[in-house]
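One structure is given below, encoded as structure tokens.
The values are calculated or read from the model by the stated rules, or taken from the named source; none is laboratory data. It should be emphasised that the depicted structure is a prediction, and the values quoted were computed from it without experimental measurement. Every residue, glycine among them, receives a Cβ derived from its backbone with ideal geometry; neighbour counts consider all protein chains shown. Protein only, heavy atoms only, side chains kept; ligands, DNA and RNA dropped before computing areas. Shrake-Rupley method; radii C 1.70, N 1.55, O 1.52, S 1.80 Å.
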Amino acid sequence: GGDPGVDMRLLMELGGPENQREVEEETRRARSMSNQELLAVLRAAGQQPQGAYDRDTLVTAVVSIRVYESIMMSSSRSPSLAPSQPDSNAGDPPSASKEAELREKLGLLSSMGFGDESTARELLRVHGGDVNKAIDSVLRR
């Protein structure tokens, strides 16, 4: 059940099986918030949403941000959605882990309604792999 526009499959993939309960709890929490409260959470996370957004997009964005922040705070692994580090082997083909990281970032941008894959790839390229800066640039348009 649930809102058809909230991409639960993608949120579960981002959170991973170990974070399924947290994704579900954050989704319930976000669905109980008003649109103004959802926008306030996005602004507190450094986003500058402008214009009209449908409720499903707001809920998905808030859950994505909250789960991502939680994973990064509780994990000792490198933050996979953080800006990519400059690569001294820039001419080399991307490694499997970098490809997985890119797919994760593209999926997040797509789930939040930020264009097709080529648009999302360009946003990430322009912003050095930083998902938050890519989102912010779209919201500021």
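Quick notes on this one:
- Considering only alpha-carbon pairs that sit under 8 angstrom and 6 or more positions apart, the relative contact order computed for the stretch 98-140 is 29 percent.
- Packing order of peptides 127-135, 26-34, highest average first: 127-135, 26-34 (average count of other Cβ atoms within 10 Å over each peptide's residues).
- The share of accessible area on the stretch 98-140 that comes from carbon and sulfur is 50 percent, using a 1.4 angstrom probe.
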